[in-house]
1. Report, to the nearest 10°, how far helix 408-420 tilts away from the longest principal axis of the Cα atoms in the chain, using its own Cα long axis and a range of 0 to 90°.
2. Using alpha-carbon pairs under 8 Å, 6+ residues apart, how would you state the relative contact order of the chain in percent?
3. Find me the longest stretch of the chain that has none of the exposed trypsin sites (Lys or Arg not before Pro), where exposed means in a DSSP loop (not H, G, I, E or B) with at most 14 other Cβ atoms within 10 Å.
4. Can you tell me the accessible area per residue over the chain, all protein chains present, probe 1.4 angstrom, in square angstrom?
5. Once the Cα atoms of helix 134-163 and of the chain are each reduced to a long axis, what angle between those two axes, in degrees from 0 to 90 to the nearest 10, is obtained?
6. Taking the alpha-carbon centroid of each part, what is the distance from the stretch 331-360 to the stretch 112-186 in angstrom?
7. Using only DSSP helix segments of four residues or longer, with each worth -39500 (n - 2.57), what per-residue ellipticity at 222 nm results for the chain after dividing by its residue count and rounding to 500?
8. Name the shape class, rounded, prolate or oblate, that the alpha-carbon gyration tensor gives for the stretch 233-305, where a ≥ b ≥ c are the square roots of its eigenvalues, rounded holds for a/c under 1.5, and otherwise prolate holds if a/b is larger than b/c and oblate otherwise.
Amino acid sequence: MTRMKFPKRYVIVLLTFICTNVCYIERVGFSIAYTVAADAIGVNQSNKGLILSMFYYGYVLSQIPGGWAAQRIGGRRVLLLSFLLWSLICGLIPLDPNRVTILVLSRLFVGVAQGFIFPAIHTVLAQWVPPQERSRSVSLTTSGMYLGAACGMLFFPGLVKHTGPQSVFFVEAVLGVAWSAIWLKFSSDPPRTDLPKVSMPKVASRDTIKAQAGGVVAPRTVKIPWRRIIFSLPVWAIVVNNFTFHYALYVLMNWLPTYFELGLQLSLQDMGSSKMLPYFNMFIFSNIGGVLADHLITRRILSVTKTRKLLNTVGFVVSAFALMALPLFSTPSGTVMCSAISLGFLALGRAGFAVNHMDVAPKFAGIVMGVSNTAGTLAGIVGVGLTGNILEGAKASNKDLTNSETWKTVFFVPAYLCIFS
């Protein structure tokens, strides 16, 4: 990379993209491996929901501490430590649904470790990326999540079928350690506490220039303005939309495999590459949203604020209608199409609210991301657990879980939340 004169900020963005990719390979991998292992011994849907949601209990505990730690000791170090921790846990813990206590604790600690990652990433990107590149840089980084989920859905079902669920943990641990080694070798802190001045295009909008003038990252000794963050309406707008985005994402990520197995009577192993389409669509739409946002802003077609609102609204509204249509289809192709549209436009909407952390608080992007992602993680706890209870309640009422009509409530709840957000 040095010989190619590759700009260091591009290296950092590429590495954070790979980082989110590996994180979501781990999350999807556990969901697939645990579902197979749990179904093999007849674990009920409510208990499955409990285990699947334990990750998010740990995740929510470390969001704000993650932002604080990244602000104090640096996002680069926090990323390395968190990756090594969750990789070690994956490599050492056995996947046995009968050993509930060990599974609960391991998923809790993996969640705690990964909870430091996104606040740290936002701190790193706020240090390295100039305002005119923020949308596409953040969108590329977060799109790694969706590509990771797509890769997990494509490869892990076959891996589980041929080598067993435990093999997924081994692969995840190896990927985590490998990324840590690459990050240690190629990453670095910025040469100064603020980014060197980057010339803005003459056509840049006033609020973009104003964002740059506001600085990139606060010195580590600056007092964090907690009161202003907590009582900021723009921050609350980000928080609400983050909650909704992750409610819809986590419900689909954790329960779509079960819906295919029960609602459509279709094994993931028999679906081929089509099962990865919804997450691959997120990868594509996330980057489209980032490039489009930067284009609208730098060409002065729309202001930063209007650009964020436009992408957020279009993405969430289209996603809501796709979620409502999903249980109406009783064929795999219709279900995959609806879930692909829903998740794709959710990713487009993320180009609205997710980059906004850096717009409203460039000096404290990691802290605000921690606050926002706490809400997103609570969505995982609420959504994944509630979905298990909804299905168990339907089963207790003698409703057939193999009937897609029974699943309507599961998909309508995130749809209504999208419209509200």
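1. Between helix and principal axis, roughly 20 degrees.
2. It comes to 27 percent, rounded to a whole number.
3. In short, 301-398.
4. Normalised by residue count, the accessible surface of the chain is 40 Å².
5. Result, in degrees: 30.
6. That distance is 18 Å.
7. Working: 17 runs with 313 residues, N = 421.
Counting only the DSSP helices, I get -25500 deg cm²/dmol.
8. Oblate is the answer for the stretch 233-305, as a/c is 1.5 or above yet b/c matches or exceeds a/b.
The values are calculated or read from the model by the stated rules, or taken from the named source; none is laboratory data. Everything quoted here is computed from the prediction, not taken from an experiment. Here Cβ is always computed from backbone atoms with ideal geometry, including for glycine, and neighbour counts include all displayed protein chains. Surface accessibility is based on the protein's heavy atoms, side chains included, excluding ligands, DNA and RNA. Shrake-Rupley method; radii C 1.70, N 1.55, O 1.52, S 1.80 Å.
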